């Protein structure tokens, strides 16, 4: 099995709005794959589709050679024990300490004794540098610490796949650097496969083995970071260089401005 | 034609809503019991939902009982029937005010808190993260709260009635001079175990079921934004209160109407 995740011709709509119209991408085993794209094009939706929280209207989504769209609820829950997701907000349980948050998946899914759980939790917290923060409550953590604590929880069960939803958003440069380093080192030391959804181009390209740019409901460019840097497509250039206007419009509506000001555009 | 279509959409939305609420409830309470995991969660929720509601229930019960004693006395004394103050207070509380006022207070105190808590768990992606950790949020979050509400409200209603009767006694006998022996003995002979006490408990169980269900569903289905949670919380209190009052009429008609 070369690809841990494979999406083929996925169509997905949210109400009247089409999010994906024939999206295909693959995530090779053991690699870090970046998924980039402008805000609001459904990058989080992509992770939810892979995790089976949403079902596409058509197309195939395979994770570990299992067709996610066809799985029974029980089989899906079994598969989810092998994957993990780091939510943008961290999504720590606010009524539990950092220690209990990390211990949560172990207590839910294993029959390990508390002694063993304690050892595992301390190892995971050590890996993200928060062993000393084990007794703090989520409300006492900074944004960066909360995300690292959530990362410790995400790796508690030693998953095969970890999905990062905007891991760098809203982070100061130091914690951003820490998280970049953690994603890379965890991927190597734990033999994970990682999908990093982000629009922080420099950070994500610095650690990705392969990257996809999604826009206009499908993949518009893909390749290694070096290949993308040399890609001449207008939309790739606009996205990587952060230009305000281009194929992705700055303006939401297209009505003529002068007409609009005079109140005739909608009349 | 437009208004007809809107009416149709409203009706189908309402029916779909009931279906979704039922699906949520069944998903939460049907399944293999796991007492080792569920019991501590249930106990924790009994504390949050039940024990923390005690103060408002006890204080309200006491005042309502005292008001009943006072109002009852001023009416009964005109007919020289102040000896019947005991049964008047006890029957009002056990049959009506105990279950109904407890349920209304419970909807305001615990119901709104349940909706806001679950709504915020949804907004902060905690429910999604549970799902992604292969833990069913219906079993982990909704079920213990449902059972805690269902069990604690009838107990709170009994406490409300007991404290209320004591409040009536304090005013009637301690302050207004109704004979203490008559107060209790007439009450004892007039209150029937099955007709009054059991019917009150049945009412309370029905209210507990409905209020907790509404609160959990509103939280679980709310739009995960500040405005969405605020709307859901208000809707819990309004819907639950109307449901309590409507159901109370139906239950009273069934129990005491014939």
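Has the range A:137-146 got at least one residue that is closer than 15 Å to residue B:132 by Cβ, over 14 Å from the mean Cα position of the chain (by Cα) and not in a helix (DSSP H, G or I)?
Initially, the range A:137-146 is screened for residues closer than 15 Å to residue B:132 by Cβ, giving none.
The answer is no; no qualifying residue exists.
Scan the range A:215-231 residue by residue and report those that are under 22 Å from residue A:45 (Cα atoms) and assigned to a loop (DSSP other than H, G, I, E, B).
So in the range A:215-231, the residues under 22 Å from residue A:45 (Cα atoms) come out as A:215-223.
Once the filter is applied, which keeps residues that are under 22 Å from residue A:45 (Cα atoms) and assigned to a loop (DSSP other than H, G, I, E, B), the range A:215-231 yields A:216, A:217.
Take the conditions within 25 Å of the chain's Cα centre (by Cα), part of a helix (DSSP H, G or I), in the same structural domain as residue B:203 (by TED's automatic domain parsing) and at pLDDT 90 or above and apply them to residue B:171. Does it pass?
Details: within 25 Å of the chain's Cα centre (by Cα): no; part of a helix (DSSP H, G or I): yes; in the same structural domain as residue B:203 (by TED's automatic domain parsing): yes; at pLDDT 90 or above: yes.
No.
Of (1) in contact with a helix residue (DSSP H, G or I) (Cβ under 7 Å, 6 or more places away or on another chain); (2) modelled with pLDDT of 90 or more; (3) more than 13 Å from chain B (Cβ to nearest Cβ), residue A:130 satisfies all except one. Which?
Every condition holds for residue A:130 apart from (2).
If residue B:208 meets every condition in (1) at pLDDT below 95; (2) more than 14 Å from chain A (Cβ to nearest Cβ); (3) surrounded by 20 or more Cβ atoms within 10 Å (Cβ to Cβ) apart from one, which number is that one?
If we test residue B:208 against (1) at pLDDT below 95; (2) more than 14 Å from chain A (Cβ to nearest Cβ); (3) surrounded by 20 or more Cβ atoms within 10 Å (Cβ to Cβ), just (1) comes out false.
Just give me the residues in the range A:1-55 being surrounded by 15 or more Cβ atoms within 10 Å (Cβ to Cβ), in contact with a helix residue (DSSP H, G or I) (Cβ under 7 Å, 6 or more places away or on another chain) and without any contact (Cβ under 8 Å) to a residue 24 or more places away in the chain, in sequence order.
Correct list: A:53 only.
Can you name every one of the helices (runs of 4 or more DSSP H) wholly within the range A:39-118 that holds 3 or more residues which are closer than 27 Å to residue A:200 by Cα and within 14 Å of chain B (Cβ to nearest Cβ)?
In the range A:39-118, the matching helices (runs of 4 or more DSSP H) lie at A:43-50.
Mind checking whether some residue in the range B:1-10 is within 14 Å of residue B:220 (Cβ to Cβ) and either in the same structural domain as residue B:150 (by TED's automatic domain parsing) or modelled with pLDDT under 90 (or both)?
So in the range B:1-10, the residues within 14 Å of residue B:220 (Cβ to Cβ) come out as none.
No; the residues of the range B:1-10 include none that is within 14 Å of residue B:220 (Cβ to Cβ) and either in the same structural domain as residue B:150 (by TED's automatic domain parsing) or modelled with pLDDT under 90 (or both).
How many of the residues making up the range B:133-152 are in a helix (DSSP H, G or I), within 14 Å of chain A (Cβ to nearest Cβ) and surrounded by 24 or more Cβ atoms within 10 Å (Cβ to Cβ)? Steps first, please.
Of the range B:133-152, the ones in a helix (DSSP H, G or I) are B:137-152.
Now narrow it down to the ones that are within 14 Å of chain A (Cβ to nearest Cβ): B:137-141, B:144-145.
Going one step further and asking which of them are surrounded by 24 or more Cβ atoms within 10 Å (Cβ to Cβ), we end up with B:141, B:145.
Qualifying residue count for the region: 2.
Take residue A:181 and decide whether it is surrounded by fewer than 18 Cβ atoms within 10 Å (Cβ to Cβ), farther than 17 Å from residue A:88 by Cβ and in contact (Cβ under 8 Å) with a residue 60 or more places away in the chain. Before the answer, list the steps.
Numbers: surrounded by fewer than 18 Cβ atoms within 10 Å (Cβ to Cβ): yes; farther than 17 Å from residue A:88 by Cβ: yes; in contact (Cβ under 8 Å) with a residue 60 or more places away in the chain: no.
So residue A:181 does not fit the description; no.
Which condition from (1) more than 14 Å from chain A (Cβ to nearest Cβ); (2) in contact with a helix residue (DSSP H, G or I) (Cβ under 9 Å, 6 or more places away or on another chain); (3) assigned to a helix (DSSP H, G or I) is the one that residue B:181 breaks?
Of the numbered conditions (1) more than 14 Å from chain A (Cβ to nearest Cβ); (2) in contact with a helix residue (DSSP H, G or I) (Cβ under 9 Å, 6 or more places away or on another chain); (3) assigned to a helix (DSSP H, G or I), the odd one out for residue B:181 is (2).
Just the residues that are surrounded by 19 or more Cβ atoms within 10 Å (Cβ to Cβ) and in a loop (DSSP other than H, G, I, E, B), please, taken from the range A:147-159. If you could, list the steps in order and put the result at the bottom.
Restricting attention to the range A:147-159, the residues satisfying the condition of being surrounded by 19 or more Cβ atoms within 10 Å (Cβ to Cβ) are A:147-157, A:159.
Hits for the range A:147-159 are A:155, A:156, A:157, A:159.
Here are some conditions: (1) closer than 30 Å to residue B:217 by Cβ; (2) modelled with pLDDT of 95 or more. Residue B:39 meets all but one. Which one does it not meet?
(2)
For the list (1) within 16 Å of the chain's Cα centre (by Cα); (2) more than 21 Å from residue A:23 (Cβ to Cβ), I need the number of the one condition that residue A:125 fails.
Here residue A:125 meets the rest and fails (1).
From the set of residues in the range B:26-58 that are assigned to a helix (DSSP H, G or I) and more than 23 Å from residue A:95 (Cβ to Cβ), which is farthest from the chain's Cα centre (by Cα)? Outline the logic, then answer.
Of the residues in the range B:26-58, the ones assigned to a helix (DSSP H, G or I) are B:26-29, B:35-58.
In the following step, the residues that additionally are more than 23 Å from residue A:95 (Cβ to Cβ) were identified as B:26, B:57-58.
Details: B:26: 20, B:57: 11, B:58: 14 Å.
Once the filter is applied, the top-ranked residue is B:26.
The values are calculated or read from the model by the stated rules, or taken from the named source; none is laboratory data. Everything numeric in this text was worked out from a predicted model, so none of it was measured. FYI the Cβ positions are ideal-geometry reconstructions off the backbone, even for glycines, and counts take in every protein chain you see.
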